Amino acid sequence: MSPGPMANAEAAALRVRFDKWLWAARFYKTRSLAAQAIDAGQARLDGERVKPAHPMRDGALVTVRRGGIAVEVIVTGCSDRRGSAQDAARLYRETDESVATREREALARRGADTMQARFPGRPTKRNRRKLEDFLNEP
């Protein structure tokens, strides 16, 4: 016995494309940006490169690289509709290692920012005079 048309419709409704899921989970603003990230290898499913139309399933490990930081999440729900941020947060759970790595990276970036000298631009006439006085002191 072959499954009826209702069973096929339900199976199709449960299948969600990888690019649609990334868009619905609010990792990317548009589906085309999600598809570009998948093609570039910045978004991976279970550590492997897949096509944008690859079907999603609960429990899959998704790795998204944005701004030099890799975020690893476990899929807890599948949706092809983009909702509120609270709805999107229910679609995944970030791994503990990913949270720790992200916090370490943020700390390192903050430390690097404080080490760099910040110059607002060209020195003013007053600043140049002060610098010349400082350099000309014996």
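The values are calculated or read from the model by the stated rules, or taken from the named source; none is laboratory data. Being a predicted model, the structure only gives us computed values, none of them experimental. Ideal geometry is used to build each Cβ from the backbone, glycine not excepted, and the neighbour counts take in all protein chains shown.
Screening region 63-89 for residues that are of a type in the set (Val, Ile, Thr) and at pLDDT 90 or above and picking the one that is nearest to Thr101 (Cα to Cα) gives Val71. Yes or no: Ala53 loosely packed, with under 15 Cβ neighbours inside 10 Å, among the hydrophobic types (A, V, I, L, M, F, W, C) and either in contact (Cβ under 8 Å) with a residue 40 or more places away in the chain or out of contact with any strand residue (DSSP E or B) (no Cβ under 6 Å at 6 or more places or on another chain) (or both)? In short, no. If you go through region 22-50 and pick out every residue that is of a type in the set (Ser, Thr, Tyr) and surrounded by 13 or more Cβ atoms within 10 Å (Cβ to Cβ), you end up with 1.
For first residues located in region 98-113 and more than 14 Å from Val73 (Cβ to Cβ), partners that are surrounded by 10 or more Cβ atoms within 10 Å (Cβ to Cβ) and lie 6+ apart or on another chain with Cβ distances below 6 Å form the pairs Glu105/Ile69.
For region 40-52, indicate whether the set of residues that are among the hydrophobic types (A, V, I, L, M, F, W, C) and touching a Lys or Arg at 6+ places or on another chain (Cβ under 7 Å) is non-empty. No - not one qualifying residue is present in region 40-52.
The set of residues in region 90-130 that are part of a loop (DSSP other than H, G, I, E, B), more than 16 Å from Thr63 (Cα to Cα) and either modelled with pLDDT of 90 or more or not small (Gly, Ala, Ser) (or both) comprises Arg90, Gln116, Arg118, Phe119, Pro120, Arg122, Pro123, Thr124. Under 8 Å by Cβ, and 6 or more places apart or on different chains, what pairs join a residue from region 15-36 that is on the phi > 0 side of the Ramachandran plot with one that is among the aliphatic types (A, V, I, L, M) and in a helix (DSSP H, G or I)? Every condition considered, the pairs that remain are Arg26/Ala85; Arg26/Ala88.
Do we find that Lys20 is among the charged types (D, E, K, R) and in a loop (DSSP other than H, G, I, E, B) in this structure? For Lys20, the condition - among the charged types (D, E, K, R) and in a loop (DSSP other than H, G, I, E, B) - is not met.
For region 59-89, the set of residues classified as more than 22 Å from Ala35 (Cβ to Cβ) and assigned to a loop (DSSP other than H, G, I, E, B) consists of Gly59, Thr76, Ser84, listed by residue number.
The set of residues in region 37-50 that are more than 13 Å from the chain's Cα centre (by Cα) and either under 20 Å from Thr95 (Cα atoms) or without any contact (Cβ under 8 Å) to a residue 24 or more places away in the chain (or both) comprises Asp39, Ala40, Leu45, Asp46, Gly47, Glu48, Arg49.
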